[in-house]
Structure formats: structure tokens, C-alpha cells
1. Before anything else, pin down the relative contact order of the chain: Cα pairs under 8 Å, at least 6 apart, normalised by residue count, whole percent.
2. Would you mind working out the magnitude of the charge dipole of the chain relative to its Cα centre, with +1 at each Lys and Arg C-beta and -1 at each Asp and Glu C-beta, to the nearest 20 Debye?
3. Given +1 on the Cβ of Lys and Arg, -1 on the Cβ of Asp and Glu, and no further charges, what dipole in debye does the range 1-85 carry about its Cα centre, rounded to the nearest 20?
4. Strictly under 4.7 angstrom between C-beta atoms: which cysteines of the chain have no such partner?
5. Identify which of Val156, Val173, Val116 has the largest mean-square fluctuation in a Gaussian network model of the chain, with springs joining Cα atoms closer than 10 Å.
6. Tally Lys/Arg at +1 and Asp/Glu at -1 over every other residue whose Cβ is under 14 Å from the Cβ of Ala176; what's the total?
7. Using modelled backbone amide H atoms (1.01 Å from N, in-plane), which distant-in-sequence or interchain residues come within less than 5 Å of Lys15's amide H?
8. Before rounding to the nearest 500, sum -39500 (n - 2.57) across all DSSP H runs of length at least 4 in the chain and divide by the residue total; then give [θ] at 222 nm in deg cm²/dmol.
Amino acid sequence: MLHRIPRPELQPYVKSMWASARPVGTCGGQELTLPNENACIVVRLDGSSLDLVQDDGTVRSVGQAVIEGVQTRAFVKQRNCSSAVGAVLMPGALPSLARANATDFTSAHAPLDDVVDTRGLIETLTQEADLERRLRIFEAFLLTLVSPQIVAHPVVLGALRRLNHEVRIRDIVEAAGMSHRHFNHLFTLSVGVSPKYYQRLLRMHRGLSRLAREGDATWSDLALSSGYADQPHFNREFKALTGLTPSTYARSARRGPLHVIC
């Protein structure tokens with residue numbers, strides 16, 4: 001798999017990009033994806049679709065090219081054998097590419113064809129085997145989606161930077177000189193969730209990312225370094241957001257911090 005940052009023109013809108021080749025050998029089964037604060041755009045190739053497993057066990061096929069908003073709850077998908085390209089969007093940038101409020105995509109998976117015809121993109125990507133060249137094609141496509149006149153409020157952009165450093169939301173609102181209600185409204189339209197919920201997702205992702213880097217870190221250390229008051233606070237938040245206990249998560253097979261093999 002190839003990971004990299006996008007070209008400079010895309011960096012205000014896209015945090016990172018990736019391309020993967022078709023897996024070799026056996027694949028399939030299901031995967032639980034945990035809630036996270038990142039919206040993304042993913043294009044699956046080889047005729048494969050994003051197939052979501054519903055609560056009743058039925059499968060909903062979304063399509064090959066998909067916009068995923070901020071996910072507030074875990075979801076299960078089929079692990080298809082396909083190559084793909086993807087872009088993780090900058091917080092607050094989804095409206096600039098989708099030409100809609102971020103709340104329209106919260107906890108949702110929508111066909112990218114609802115925004116733009118992707119048939120030409122998929123055909124071109126499929127004909128190119130080199131992963132770097134696929135990313136260049138994808139970058140050029142994403143640039144055609146950007147609407148630079150649609151941009152998050154400067155207060156929201158400033159808040160997103162500060163929330164990475166565990167600044168209190170109340171302090172951000174007071175510094176902005178606007179009402180808490182107005183700030184929440186602006187933030188939610190641009191990001192897809194409230195500032196408080198975004199901060200909850202950010203903390204959990206931060207802790208799980210550290211666990212992936214440092215396999216011997218204790219839950220107590222992870223809790224404190226991620227901004228939780230203590231380990232019981234982390235345990236409650238983890239269960240509320242993911243439906244799993246930390247111990248169940250620790251015993252599971254994983255494909256990255258937010259992907260649990262079912």
C-alpha cells in the first residue's frame with residue numbers, strides 16, 4: 001500500500017491519500033470499522049463495491065466510489081478483494097468537495113456519483129496498474145471537485161487546530177466572541193458533528209493510534225496521554241462510542257487502529 005500527502009493545491013482539503021493493490025491470496029469475511037472523526041472519499045476498483053452489513057444481517061451495496069462522512073458509530077462491512085484509492089479529508093473540508101453541508105454525510109456512506117459522474121475516473125484508474133500514477137489521476141480528479149468559495153468559517157478552522165491540543169471548547173467560544181449556540185451551529189455544518197463529539201472521537205482515535213505504535217502501552221497510560229481524566233473515564237467512553245470494551249478490542253485481530261476483523 002502507498003500512503004502520502006497530496007500535492008500542495010489539495011492540502012487545504014485533503015489530509016492524506018493512499019492506494020492499494022488487489023490483495024494476493026485469501027480475503028473476505030467482515031470488518032468492524034470504529035467511529036472516527038475523518039471524512040473520506042474511497043474508490044474501489046476491480047468491479048468491487050462497498051458492501052455494508054445491516055443490523056438484520058442483510059447487505060447494502062453502496063457503490064464503487066463512496067463519500068464517507070464523520071462516523072459517530074461503528075459499522076460492519078464485507079472485506080472485498082479489490083484494489084482502491086482513497087483520500088482522508090481535512091476536518092471541515094467536506095462541504096468544499098461535496099457542495100453540501102457535512103451533516104448530510106454524518107454516519108453515512110453515499111455514492112460519489114450523487115455529486116459527480118465517476119465512470120470515467122474508475123475506467124482510467126482501472127487501466128493504470130502503478131499505484132503512484134493512480135494517485136496522480138485521483139488527485140487531478142479531486143481538484144475538479146473543489147469549490148474554493150465554499151470554506152469553513154475562520155473560527156471553525158481555528159477551533160479545529162486548537163482541539164488537537166485539548167483546549168477547552170468554552171475557551172474557544174469566549175475567544176471567538178460569539179454565542180455557544182452559534183459556534184456549535186457553524187462547527188456542526190462544516191465538520192458533521194458538534195465540537196464536543198468531535199473532541200470525543202479525536203481522543204479515542206489518539207489513544208488507539210498510540211496503542212498501534214506502542215503495543216506495550218497500558219490502558220492507564222493511553223487514557224491519560226489521550227486527554228481522559230483516568231482509565232475508568234476512558235473505559236466508559238470507549239464502550240459508549242464503539243460498543244466494545246477495551247479488553248475485547250485488545251484481544252481482537254485488527255487491520256489498523258480503527259479496523260477490527262470480525
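Just so it is clear, none of the values below were taken in a lab; they were calculated from the coordinates. Predicted model only: the values in this text are computed from it and were never measured. All Cβ positions, glycine included, derive from the backbone under ideal geometry; neighbour counts span all protein chains shown.
1. On the way: 463 pairs, mean separation 55.0, N = 262.
Worked out over the chain, it gives 21 percent.
2. Working: 30 positive and 25 negative charges, 104 e Å.
Dipole about the Cα centre, nearest 20: 500 debye.
3. Values: 9 positive and 8 negative charges, 54 e Å.
Dipole magnitude for the range 1-85 comes out near 260 debye.
4. Lone cysteines by the Cβ rule: Cys40, Cys262.
5. Checking each option, the largest mean-square fluctuation is seen for Val116.
6. On the way: positive: Arg161, Arg162, Arg168, Arg170, Arg181; negative: Asp171, Glu174.
Neighbourhood net charge equals +3.
7. Those qualifying (amide H under 5 Å, at least 5 residues apart or on another chain) are Val88, Leu89, Met90.
8. Details: 10 runs with 103 residues, N = 262.
Mean residue ellipticity, 222 nm, calculated: -11500 deg cm²/dmol.
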